[in-house]
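Below you'll find the structure, written out as structure tokens, and then a few comments.
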Amino acid sequence: MNLILRPLEALGHAFLNLLAALGRISIYAGSTLRHIFKRPFYARELAIAILNVGWLSLPVVGLTALFTGAALALQIYAGGARFNAEAVVPQIVAIGMVRELGPVLVGLMIAARVTSSIAAEIATMKVTEQIDALVTLSTHPMQYLTVPRVLAGLICVPVLVGVGDVIGILGGYTVAVATLDFNSSTYLVNTFDFLEIRDVVSSLAKGAVFGVIATLMGCYYGMNSGRGAQGVGAATKGSVEAAAILILAANFVLTWVFFSL
Amino acid sequence: MITLSGVKKSFGNNHVLRGVDLEIARGTSMVIIGGSGTGKSIALKSILGLVTPDAGTIMVDGKDAATAERDAFLARFGMLFQGGALFDSLPVWHNVAFRLMRGALQRPKEEAREIAIEKLRRVGLKADVADRLPAELSGGMQKRVGLARAIAAEPEIIFFDEPTTGLDPIMSGVINDLIREIVVEMGATAMTITHDMTSVRAIADNVAMLHDGVIQWSGPVADMDQAGDPYLDQFIHGRADGPIEAVR
Ligand SMILES: Nc1ncnc2c1ncn2[C@@H]1O[C@H](COP(=O)(O)OP(=O)(O)O)[C@@H](O)[C@H]1O
Ligand SMILES: [Mg+2]
């Protein structure tokens with residue numbers, strides 16, 4: 001009897017914990033939203049966050065998209081050849097990059113690069129009493145730390161996704177033209193004729209949602225860090241896990257909303 | 001006037017404060033002593049609302065600290081944290097001038113910087129540290145920058161959590177004099193946590209000893225030596241044997 005109930009019980013606990021965590025994260029998100037509209041607004045902090053989240057992420061995002069687009073073109077060509085459909089490479093690369101791979105891969109790279117660094121930085125501030133010091137200096141940590149970072153995610157990640165989409169398509173184009181004997185101008189015409197406004201809008205919308213998730217998780221886990229170096233480590237790990245899973249789940253929901261409704 | 005009555009705080013099974021009663025009169029200097037881990041820092045943080053007590057009330061000038069308007073309440077305080085708690089992304093002068101660059105006390109940047117450099121000088125630091133980052137300073141220097149930040153906006157009530165720990169004896173003397181000066185000249189109310197008995201005698205009007213979650217003894221510093229309290233006696237003479245266990 002116990003053998004059956006134990007795992008079920010553990011599963012139940014895990015599920016309840018998950019719900020509780022989602023509840024706390026929702027409350028935190030709501031509070032962030034309220035503080036966006038409160039004064040003072042820390043423009044300098046926003047500028048620094050935009051630099052970190054957006055500008056400095058460009059190399060990583062560009063390289064990820066480039067290699068993915070290139071590999072995608074090779075795969076589709078090889079797969080398509082099995083039923084004489086090699087010619088669809090430009091269309092499938094465009095759809096694949098813009099609708100799914102661009103936003104998801106950029107989102108995950110941002111989770112790896114930005115979420116972790118936000119969580120580690122804020123957790124360290126918490127552990128070294130810097131958050132307490134902020135409060136005693138009449139500065140709200142939510143306004144000073146969380147709001148600028150989340151806004152930077154909201155503003156920058158859609159742009160990064162757009163850049164990633166373009167570079168990914170260029171990666172596919174380069175491979176197709178250089179090694180698969182595609183005609184350069186036909187490839188480009190096929191790509192842009194095939195893409196719809198809806199594809200691009202969904203891509204950028206996903207970017208905005210993923211940007212908010214990634215930065216919010218970094219802040220949430222950092223602010224709720226345990227004590228000591230171990231606390232910082234756990235907060236960082238938790239933030240990246242949560243950001244990655246929430247990004248993938250949100251991607252599924254958004255794909256469904258945009259393309260199945 | 002700050003009044004703590006029946007303040008309790010536990011972390012799980014760790015009952016840190018078990019009913020602290022304490023009064024600090026306006027314009028006086030209270031020093032809190034006690035073994036490490038007895039909850040001295042938690043007591044200060046409770047007054048500031050950084051830690052929410054499980055029970056008890058804290059009144060500042062007759063107003064309940066828990067329900068006071070936060071911004072106005074905190075604007076009256078300055079605090080030196082035990083570990084300095086400097087913002088490591090900001091240069092030293094910006095740390096010191098932090099409160100002067102935003103909110104009700106906002107000044108032009110140049111003026112804020114001047115004040116910061118003046119406060120740094122008062123804690124024995126030269127102007128050339130102003131543009132360095134906190135991580136480039138030694139522990140004792142960071143502590144003094146924290147002290148400069150605590151006094152920068154000339155608050156009415158100042159808390160110092162172990163201000164001289166990690167400083168050389170001469171610098172400790174400078175800081176002790178400074179704290180005394182702040183109380184006497186600026187009429188500030190000060191609460192200082194320290195283990196250093198020289199500091200206690202230099203800074204305190206009154207002394208309170210925290211032990212086992214309660215105030216074990218409190219009174220004017222002059223009465224400390226004749227108090228006859230075995231706990232206090234053991235602490236001020238630094239004896240390994242006595243009622244306070246060495247292993248805690
Ligand atoms: N955030 C916290 N979570 C759990 N325990 C804590 C926390 N802060 C302090 N403590 C515990 O409370 C006790 C008192 O800490 P503290 O006030 O820092 O002592 P001290 O008298 O040395 O300043 C210690 O046992 C410490 O472990
Ligand atoms: Mg302490």
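A few remarks follow.
- Residue that is surrounded by the fewest Cβ atoms within 10 Å (Cβ to Cβ), among those in the range A:71-114 that are polar (S, T, N, Q) and without any contact (Cβ under 8 Å) to a residue 60 or more places away in the chain: A:Asn84
- Residue within the range B:35-43 that is under 25 Å from B:Val200 (Cα atoms) and more than 10 Å from ligand 1 (Cβ to nearest atom) present: no
- Conditions (1) away from chain B (no Cβ under 14 Å); (2) surrounded by fewer than 24 Cβ atoms within 10 Å (Cβ to Cβ); (3) under 19 Å from A:Gly54 (Cα atoms); number of the one not met by A:Ser117: (1)
- Inside the range B:53-75, residues that are more than 10 Å from chain A (Cβ to nearest Cβ) and in contact (Cβ under 8 Å) with a residue 24 or more places away in the chain make up a count of 10.
- Test result for B:Phe11, of a type in the set (Phe, Trp, Tyr), within 10 Å of ligand 1 (Cβ to nearest atom) and either away from every other protein chain (no Cβ under 14 Å) or out of contact with any Gly (no Cβ under 6 Å at 6 or more places or on another chain) (or both): yes
- Residue match in the range B:57-69 (condition: in the same structural domain as B:Asn206 (by TED's automatic domain parsing), of a type outside the set (S, T, N, Q) and within 14 Å of ligand 2 (Cβ to nearest atom)): no
- The range B:14-45 - residue that is of a type in the set (Gly, Ala, Ser) and away from ligand 2 (no atom under 13 Å from the Cβ) and, of those, farthest from the other protein chains (Cβ to nearest Cβ): B:Gly19
- Of the listed requirements (1) in contact (Cβ under 8 Å) with a residue 12 or more places away in the chain; (2) surrounded by 13 or more Cβ atoms within 10 Å (Cβ to Cβ); (3) of a type outside the set (Asp, Glu), A:Pro40 misses just one: (2).
- Selection within the range B:85-110 - crowded, with 22+ Cβ neighbours inside 10 Å, facing chain A (nearest Cβ under 8 Å) and out of contact with any Leu (no Cβ under 6 Å at 6 or more places or on another chain): B:Ala85, B:Leu86
The values are calculated or read from the model by the stated rules, or taken from the named source; none is laboratory data. What you see is a predicted model; the values in this text were computed from it and never measured. Please note: Cβ atoms are built from the backbone with ideal geometry, for glycine as well, and neighbour counts cover all protein chains shown.
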